[in-house]
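Student: Before I ask anything, here is the structure I am working with.
The values are calculated or read from the model by the stated rules, or taken from the named source; none is laboratory data. Predicted, not measured: the structure shown is a model, and the values here were computed from it. Note that each Cβ is placed from the backbone with ideal geometry, even for glycine, and that neighbours are counted across all protein chains shown. Side chains are part of the model used for accessible areas, which takes the heavy atoms of the whole protein and leaves out ligands, DNA and RNA. Shrake-Rupley method; radii C 1.70, N 1.55, O 1.52, S 1.80 Å.
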There are 2 protein chains.
Amino acid sequence: MDDEALLRRAIALARSRSAAGVNGPFGALVAQGAEVVGEGWNRVVELGDPTAHAEVLAIRAAAARLGTHVLSDCVLYASCEPCPMCLAASYWARIPRVVFAASKEDAAAAGFDDEAICAEMALGWGGRRTSGVQLLGAEGRAVLDAWRGNVRRVDY
Amino acid sequence: MDDEALLRRAIALARSRSAAGVNGPFGALVAQGAEVVGEGWNRVVELGDPTAHAEVLAIRAAAARLGTHVLSDCVLYASCEPCPMCLAASYWARIPRVVFAASKEDAAAAGFDDEAICAEMALGWGGRRTSGVQLLGAEGRAVLDAWRGNVRRVDY
């Protein structure tokens, strides 16, 4: 299956799963070569889970199916350009390629916050609408230092 | 409970849950006032789920407990500054305040990719190590347009 066929399947998921009005208009899938190994669609309202974006669910499904958190031989197809959460999730999954249809500007025009969150990410804490406070830095670092010194640690 | 006490609890989660070496050295919790409504720790390797970061799991637990994806009266406490995925998740959850201990620079020094992913987020697709391709833009936009025109839609 080629890129357009796989992307059309993600778009079809977005369309069909959002038709009732409960789920947001976003669909995604993860493919390993021509094989679809995980699918997802926006289920934030249905599940009451703010992280239940199409891409996150597709990545989680693919990882469960393949038995690994490393999806470095997979491609993410998304009906819309991934938001910062989903894009970062694709980095953590080591997905090297993303194919998308609508842009984040299109998402913003439809009332979704993607662009605003993108802009926030680029700021330091002082400029963000979310307030951020660092406390107990040394105690936090001590946990990371202990991890580095743990010979049993599983790097991931 | 004050900020330091709640943050110490997140740090303690990071320390205790990573001691065996399987889970990464990160802990988090979501508090509504003085009440802890969700906890999480890094379970990426244990669950084989690249999205199973401490903050994502704490946010998901809090949303499940409170029965809503909107956590606008909650605070996120994290043993380490949230990575872009987790920070964006906190935006989608409408969490207005984040308190953290170690910094993202500390995480990078311990071998985690947070800073590199932060840098990638700020770039356009042309500059990223992940390749991004937009195809079928009109078909993708059509789904968003249909959503905007759907009188049954649940805005979220």
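Student: Quick one: helix B:54-66 against the long Cα principal axis of chain B, what's the angle to the nearest 10°, folded into 0 to 90?
Tutor: With rounding to tens, the tilt is 80 degrees.
Student: Counting DSSP beta bridges in the protein assembly as shown, what percent are antiparallel, to the nearest 5?
Tutor: Approximately 55 percent, going by the DSSP bridge assignments.
Student: To continue, here is another question. Over every pair of different alpha-carbon atoms in segment B:50-153, take the mean of 1/r and invert it; report that Kirkwood radius in Å.
Tutor: It is 16.2 Å.
Student: Got a number for the accessible area of A:ARG153? Probe 1.4 Å, square angstrom, nearest 10.
Tutor: About 80 Å², ignoring ligands and nucleic acids.
Student: Cα convex hull of segment B:1-47: how many Å³ per residue?
Tutor: Spelled out: Cα convex hull of segment B:1-47, divided by residues, is 55 Å³.
Student: Using a 1.4 Å probe on the protein heavy atoms only, what accessible surface does A:HIS69 show? Give it in Å² to the nearest 10.
Tutor: Here the residue's solvent-accessible area equals roughly 30 Å².
Student: Still on this structure, I have one more. Which whole-number percent is the relative contact order of segment B:1-61 (Cα, under 8 Å, 6+ apart)?
Tutor: 28 percent.
Student: Rounded to the nearest 5, what is the percent of antiparallel bridges among the DSSP beta bridges in chain B?
Tutor: 65
Student: First compute the accessible area of chain B with a 1.4 Å probe, then give the percent of it belonging to carbon and sulfur atoms.
Tutor: C and S atoms contribute 50 percent here.
Student: Round to a whole angstrom and tell me the spacing of the C-alpha centers of segment B:124-156 and segment A:80-135.
Tutor: Using only Cα atoms, the two centres lie 13 Å from each other.
Student: Continuing with the same structure: Ignoring ligands, DNA and RNA, how much accessible area is buried between chains B and A, both sides summed, with a 1.4 Å probe, to the nearest 100 Å²?
Tutor: 7500
Student: Can you tell me the mean projection area, over all orientations, of the convex hull of segment B:1-86's alpha carbons? Units nm², please.
Tutor: Answer in nm², one decimal: 5.2.
Student: Counting only protein chains, not ligands or nucleic acids, how are A:THR68, B:THR130 ordered by accessible area (probe 1.4 Å), most first?
Tutor: Sorted descending by solvent-accessible area, the residues read A:THR68, B:THR130.
Student: Continuing with this model, one more query. At R0 = 35 Å, how high is the FRET efficiency between B:ALA119 and A:SER16 if r is their beta carbon distance? Nearest 0.05 is fine. Walk me through the numbers before you get to the answer.
Tutor: Numbers: r = 37 Å, r/R0 = 1.06.
According to the calculation, E is roughly 0.40.
Student: Within the set of other residues whose C-beta is less than 10 Å from the C-beta of A:SER103, count the net charge using Lys and Arg as +1 and Asp and Glu as -1.
Tutor: It works out to a net charge of -3.
Student: A further question on this structure: Averaging sequence separations of C-alpha pairs under 8 Å and six or more residues apart, then dividing by the length of chain A, give the relative contact order as a whole percent. Could the numbers behind the result be given before it?
Tutor: On the way: 253 pairs, mean separation 25.5, N = 156.
Relative CO of chain A lands at 16 percent.
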